[in-house]
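Taken together, the values in this text are just the output of simple stated rules run on the coordinates, not laboratory data. Since the structure is predicted, the reported quantities are computational estimates derived from the model, not experimental observations. Cβ atoms come from the backbone with ideal geometry, glycine included; neighbour counts cover every protein chain shown.
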Amino acid sequence: MDASAIILGAPTVLAGAHPLAVYTAHLIKALRPPTRFAAVLSSYGWAGSAVKQIQEILETSKIEIVGAVEVNGPPRKEDILDIVDLGRQISKKIKESLSAWKRGDALTDRECCIDTELRGVTVQVLIAPC
């Protein structure tokens, strides 16, 4: 898992997050990827609780949960705008963290940042042992 962010979609099923979403959250927690940011998207019919359940699972990880959007029923225009806004927030967080890596002030003594060329494009890579 080399993503800068994880966005986990988890519909509410029988008063909890869908079992596959719960499994995925536990897997993320167990693998401790170097991912720094996450968001949760959820939908529900009569009672929403998936967002809370997923956030509780991930709260002990080092991943910052940037936000969550919980939708009652089919998404309305406002819900779509909230999701787009959440995407922008995550994008901003990623850009800020990359800027900090370039300056070197976000690195710990166990991390290092190197520049490498990948198919003609210079890429900055953060190496953070788990």
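When the inverse distances between all different Cα atoms of the stretch 1-87 are averaged and flipped, the Kirkwood radius reads 13.1 angstrom.
Averaging the Cα positions of each part gives two centres, and for the stretch 83-99 and the stretch 9-48 these lie 20 Å apart. Candidate cross-link partners of K29 among the lysines, defined by an alpha-carbon separation under 29 Å and a same-chain spacing of 8 or more, comprise K52, K62, K92, K93, K95, K102.
Rounded to the nearest whole Hz, the Karplus-based 3J(HN,Hα) values (6.51 cos²θ - 1.76 cosθ + 1.60, θ = phi - 60°) of the stretch 78-91 follow the sequence 4, 5, 4, 5, 5, 5, 4, 4, 4, x, 5, 4, 5, 4, with x at glycine and proline.
Among the chymotrypsin sites (Phe, Trp or Tyr not before Pro) within the stretch 35-87, those in coil by DSSP and having at most 13 neighbouring Cβ atoms inside 10 Å are W46. Ranking of K52, K95 by neighbouring Cβ atoms within 10 Å, starting from the fewest: K95, K52. Restricting the GluC sites (Glu not before Pro) of the stretch 36-106 to loop positions (DSSP other than H, G, I, E, B) with no more than 11 neighbouring Cβ atoms within 10 Å leaves E59.
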